[in-house]
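The values are calculated or read from the model by the stated rules, or taken from the named source; none is laboratory data. Note that the structure is a prediction, hence the values are computed from the model and not measured. Methodologically, a virtual Cβ is constructed for each residue, glycine included, from the backbone with ideal geometry; neighbour enumeration extends over all protein chains shown.
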């Protein structure tokens, strides 16, 4: 299970201490720069679309299983799968962003809190199923 | 960027032809079975919680960049990053599911359309930022 970088983040954020915990908490607008050989994969995306960007949080520890959410000592320790901590066995980041501009194989996006040069591994459109609570009466 | 399997899917779904395209379209309830060595990462998750499960879609082609959404020949071809197709450079699946039961390191979940034995690479709680449109007036 080997990931390839499909692109990289270009952002003014350069260190973890200054990066917001979540994109909507003041992340500066950033660029996603796709590799030439996968840029056809962007066809159909438009300005204003909301997408999930999946990143590889390359500076994260992978041997952490319990942590305090938001690195706040006041929060009780939780399993990492109940947090969005970047420290987890597979440090994949999930970021909902909005496309502000498209320039060839570059996307300008809002609300991406990933650091400059973070590898990008996937982009997916947001669909209804991502936003809707699973109804108790759902089809089995 | 090497992923490790943190667990596997146990589901009655065994082939792609019979699997729904999205979990809410009739996926049977399934189990997520975590590996022993990462099971502490589940601490704090509760019945009723909604989480994103990230899977490795091991049967998918990785050399596809354009496809017809939902494999429907009537749909115009799109870049894969504008679809949820499993065929993409990094075949990571993103599934919003609801936890129905917890039995040690096994989670019973609703709305998981992944096939039996699909490797799981991450579990993340759904947070507000996943569900909310990025406001035009967001802080830069």
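Below, the figures for the structure above:
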{"quantity": "Test result for residue B:118, crowded, with 22+ Cβ neighbours inside 10 Å, more than 8 Å from chain A (Cβ to nearest Cβ) and under 26 Å from residue A:6 (Cα atoms)", "calculated": "yes"}
{"quantity": "Qualifying positions in the range A:98-115 - more than 7 Å from chain B (Cβ to nearest Cβ), under 23 Å from residue A:70 (Cα atoms) and in contact with a strand residue (DSSP E or B) (Cβ under 6 Å, 6 or more places away or on another chain)", "calculated": "A:112, A:114"}
{"quantity": "Complete set of residues in the range B:107-123 that are under 17 Å from residue B:25 (Cα atoms) and in contact with a helix residue (DSSP H, G or I) (Cβ under 8 Å, 6 or more places away or on another chain)", "calculated": "B:111, B:115"}
{"quantity": "Residue match in the range B:85-97 (condition: surrounded by fewer than 17 Cβ atoms within 10 Å (Cβ to Cβ), touching a strand residue (DSSP E or B) at 6+ places or on another chain (Cβ under 8 Å) and more than 10 Å from chain A (Cβ to nearest Cβ))", "calculated": "no"}
{"quantity": "Residue ID - nearest to the chain's Cα centre (by Cα), chosen from residues in the range A:70-84 that are facing chain B (nearest Cβ under 9 Å) and free of Cβ contacts under 8 Å to residues at least 40 places away in the same chain", "calculated": "A:83"}
{"quantity": "Failed item in (1) more than 28 Å from residue A:62 (Cα to Cα); (2) crowded, with 19+ Cβ neighbours inside 10 Å, with residue B:74 passing the rest", "calculated": "(2)"}
{"quantity": "Some residue of the range B:128-136 being over 15 Å from residue B:23 (Cα atoms), surrounded by fewer than 19 Cβ atoms within 10 Å (Cβ to Cβ) and at pLDDT 95 or above", "calculated": "no"}
{"quantity": "Test for residue B:133: is it in a loop (DSSP other than H, G, I, E, B), at the interface with chain A (Cβ under 7 Å from one of its Cβ atoms) and within 11 Å of the chain's Cα centre (by Cα)", "calculated": "no"}
{"quantity": "Residue match in the range A:1-9 (condition: at the interface with chain B (Cβ under 10 Å from one of its Cβ atoms), touching a strand residue (DSSP E or B) at 6+ places or on another chain (Cβ under 6 Å) and without any contact (Cβ under 8 Å) to a residue 40 or more places away in the chain)", "calculated": "yes"}
{"quantity": "Counted residues, the range B:16-30 - those being facing chain A (nearest Cβ under 7 Å) and without any contact (Cβ under 8 Å) to a residue 12 or more places away in the chain", "calculated": "1"}
{"quantity": "Criterion: crowded, with 22+ Cβ neighbours inside 10 Å and over 20 Å from residue A:21 (Cα atoms) - qualifying residue of A:107, A:100, A:112", "calculated": "A:107"}
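Condition check ((1) free of Cβ contacts under 8 Å to residues at least 24 places away in the same chain; (2) more than 9 Å from chain A (Cβ to nearest Cβ); (3) crowded, with 17+ Cβ neighbours inside 10 Å) across all residues:
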| position | (1), (2), (3) |
| --- | --- |
| B:14 | no, yes, no |
| B:32 | no, yes, yes |
| B:37 | yes, no, no |
| B:57 | no, yes, yes |
| B:61 | no, yes, no |
